[in-house]
1. From Cα pairs below 8 angstrom and at least 6 apart in sequence, can you work out the relative contact order of chain B, rounded to a whole percent?
2. Let me know the mean shielding of A:130-139 by other chains, meaning the per-residue number of their Cβ atoms within 10 Å of its Cβ.
3. Which order, highest average first, do B:81-89, A:105-113, B:13-21 follow once you tally other Cβ atoms within 10 Å for each residue and take the mean per peptide?
4. Pairing the Cα long axis of helix B:22-32 with the longest principal axis of chain B, what angle in degrees results, from 0 to 90 and rounded to the nearest 10?
5. What spacing in nm lies between the two simple spin-label points modelled at residue A:52 and residue B:81, each 7 Å away from Cα in the Cβ direction?
6. For the range A:4-148, what is the relative contact order in percent, using Cα pairs closer than 8 Å and at least 6 residues apart in sequence?
7. With axes computed from alpha carbons, what is the tilt in degrees of helix B:134-145 against the longest principal axis of chain B, rounded to the nearest 10 within 0 to 90?
8. Pop the C-beta distance of residue B:145 and residue B:97 into the FRET formula with R0 = 30 Å and round what comes out to the nearest 0.05.
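Where a number appears in this text, it was derived from the coordinates with a stated rule and is not lab data. This structure is a prediction, so every number in the text was calculated from the model and none was measured. Cβ atoms come from the backbone with ideal geometry, glycine included; neighbour counts cover every protein chain shown.
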């Protein structure tokens, strides 16, 4: 199971297709979940700790607008985990977490400069394009390794150890 | 600093099917008696619960019409005051616009997945403009009538 970075980072179609073909999508929603549901953090929804701007600074300089650095503090760690990427151009709308074009440019640049397999396609507008879009993504995802990641194996080991403790 | 007891996750189940309605999917979840929170929306369902329960529920619902039911994660839990329209005084929640645009594309994606499943060759080039086949026309009429 490969960790596949998707762009647009909150896309329903990409996230579903990646999961459908047996891989793990790296999406913004999981990052947001950590920020808004973890009660160990200070004051949701303004869950910005002193660590976050530092993380953003790793990807963008100090004179870059804070919106870019804030977004990069969430997107950056995902790019570091990336094992493959699917970039879809001309998204229909860009709002919310994907509403900053400079961040989007920086994200795509960082992903492209990583040495990982990348598929670049366009959002479909007709039946033929949709067929082509799905076929390309399916072919790309099937070409990625399907073995279980180290993290999964670790989680499985922990679970079995817990079960044994209970016994 | 307290830790959460059990990891809770939330998922969107977006239904773009001619056979399954959001209410059918919701009933299926109630029948299954999983301890999850379900919210019915215009495009499908939002479900919140522990990771194991949600993964089981989502897989069960996907099997109702697997090429026309799409699933994605959501950061905020169901009915969260920071996102719920009731407490924000109306207007779509942030993030809905992008989802709505993608939901409009789902019939095309679903049809492409159907074709892929029917073992059609993976590398199929887009065709040149040609006359509509009778069989294709029949499929379109059947899909329209079944709505």
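1. On the way: 153 pairs, mean separation 37.6, N = 147.
Relative contact order here is 26 percent.
2. Details: counts 10, 12, 5, 4, 11, 8, 2, 3, 4, 3.
If you average over the peptide's residues, the count of other-chain Cβ atoms is 6.
3. On the way: B:81-89: 11.4, A:105-113: 15.8, B:13-21: 18.7.
Going by the mean number of other Cβ atoms within 10 Å, highest first, we get B:13-21, A:105-113, B:81-89.
4. 60
5. Here the modelled spin labels are 1.9 nm apart.
6. Once normalised by length, the contact order is 27 percent.
7. 30
8. On the way: r = 32 Å, r/R0 = 1.05.
According to the calculation, E is roughly 0.40.
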